[in-house]
Structures are given as C-alpha cells and as structure tokens.
Amino acid sequence: MGRWEPNARGRLATAALELYSERGYEQTTVVEIARRAGLTERTFFRHYADKREVLFAGAGDVQEVYVRAVAGALKSSAPIDALAVGLDAVSEMFADHRDFVRSRQVVIMANPELQERDLIKLASISAALAATLRRHGVTEPAASLAAEAGVAVFKVGFERWIAADDEQEMSQLMRDSLDELKAVTAGG
C-alpha cells in the first residue's frame with residue numbers, strides 16, 4: 001500500500017507541487033494532493049496546516065539558519081559581513097533543491113495570495129535579523145537598515161539563482177548581489 005511508504009511529508013510536497021503546476025493552486029484540493037501522494041487527507045493535515053503551507057513549510061528553517069549564522073558571525077564581524085555569512089548558510093539549504101524551488105516559485109508568482117505570504121515570510125526574516133543585530137549592539141536605524149538590506153540581497157540573489165540557465169552556485173550569486181549593494185552604497 002502506498003500510504004505505508006516512508007517520507008509522507010516529502011511525497012505530499014511533491015504531489016502538491018505537481019498538481020499546482022498542472023492545474024493551478026486555486027483548483028487543487030487537499031484531497032487531490034493526498035490522493036496523488038497515496039495518502040489520506042488526515043495524513044496531509046498531520047504534516048501541513050493547509051495547502052498553502054506546503055509551499056512555505058521551510059520558511060521557519062530558513063529564518064532560523066539565517067539568524068543563527070548572523071548571530072554567530074557578529075562576534076567577530078561587522079554587521080554587513082555577518083549578513084554575508086548568513087546568506088552563505090541559507091544558500092547551503094537550497095543547494096540540492098533548485099528544480100523544486102524553481103517550480104515552487106512559478107506557482108507562487110501566479111497567485112497573489114501566495115505572493116503576499118512570501119512577502120510576509122521575508123518581513124519576518126527581516127524582523128528577526130534586526131532583533132539579532134540589536135541584541136549584538138547594533139543601534140537603530142542601522143539594525144533595521146542592515147536587516148532589510150540582508151533580505152533584499154537574499155531576494156535578489158534567490159531570483160538570480162532560480163532564473164540562471166547555468167549551474168551557478170546560489171552562494172556566489174548572493175555574494176555578487178551583496179557586492180553590488182556595497183558598490184551602490186559606496187557611490188560606485
């Protein structure tokens with residue numbers, strides 16, 4: 001029986017993304033996702049609160065990794081350099097998931113509700129980064145500005161990574177985007 005196979009969460013995520021891509025997010029139901037994964041609706045709700053969360057389930061992990069890496073780097077680095085360490089750490093999380101992330105982003109960009117959820121996720125990351133910077137002695141408005149810049153660099157680097165035809169590393173695109181920001185702010 002399919003439902004007794006391992007990795008129910010992963011199977012649900014794959015099934016959901018396939019259905020969202022084939023039929024559209026709005027037209028896909030939880031029952032259809034569970035059926036495609038060979039599972040029950042009840043199993044779906046053990047793993048995800050709703051069909052939207054299938055696309056955003058890792059957002060908390062991204063935030064945690066980013067914030068933890070920045071906090072660790074702040075002990076010996078300037079805030080902007082600590083953000084670069086955080087971007088490297090986040091990049092590692094995505095390294096082997098490019099195709100899934102690309103498909104996921106297509107679904108998000110086709111739906112205003114999902115775009116809004118994506119923006120909320122980024123705002124949450126920014127707030128957490130700003131709080132971390134403040135805890136490590138960075139004053140306002142520098143903490144908020146640096147956090148927003150870190151999220152902007154993440155967003156631009158992420159978009160460049162999923163759009164790239166070649167296999168450029170996400171971490172390099174993040175670093176390139178951060179270098180561009182530094183050049184702009186330095187007047188170059």
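The local environment of Glu167, defined by Cβ-Cβ distances under 14 Å, has a net charge of -2 under the rule Lys, Arg +1 and Asp, Glu -1.
With the helix formula -39500 (n - 2.57) applied to DSSP H stretches of n ≥ 4, the chain reaches a computed 222 nm mean residue ellipticity of -24000 deg cm²/dmol. Can you compute log10 of I(q)/I(0) for the range 58-185 with the Debye formula, treating each Cα as one identical point scatterer, at q = 0.12, 0.23 Å⁻¹? Relative scattering, expressed as log10 I(q)/I(0), comes to -0.43, -1.45.
In percent, how large is the relative contact order of the range 2-53, given Cα pairs closer than 8 Å and 6 or more residues apart?
Once normalised by length, the contact order is 41 percent.
Computed as a quarter of the hull surface, the mean projected area of the alpha carbon convex hull for the range 2-53 stands at 3.0 nm².
For the range 106-166, the convex hull drawn through the C-alpha positions has a volume of 78 cubic angstrom per residue.
Work through the residues other than Leu74 whose Cβ is under 15 Å from its Cβ and net out their charges, Lys, Arg +1 and Asp, Glu -1. Surrounding charge for Leu74 is +2.
Here, each number is a calculation from the coordinates, and none is a lab measurement. Just so it is clear, the model here is predicted, and its values are computed rather than measured. Glycine also receives a Cβ, built like all others from the backbone with ideal geometry; neighbour counts cover every protein chain displayed.
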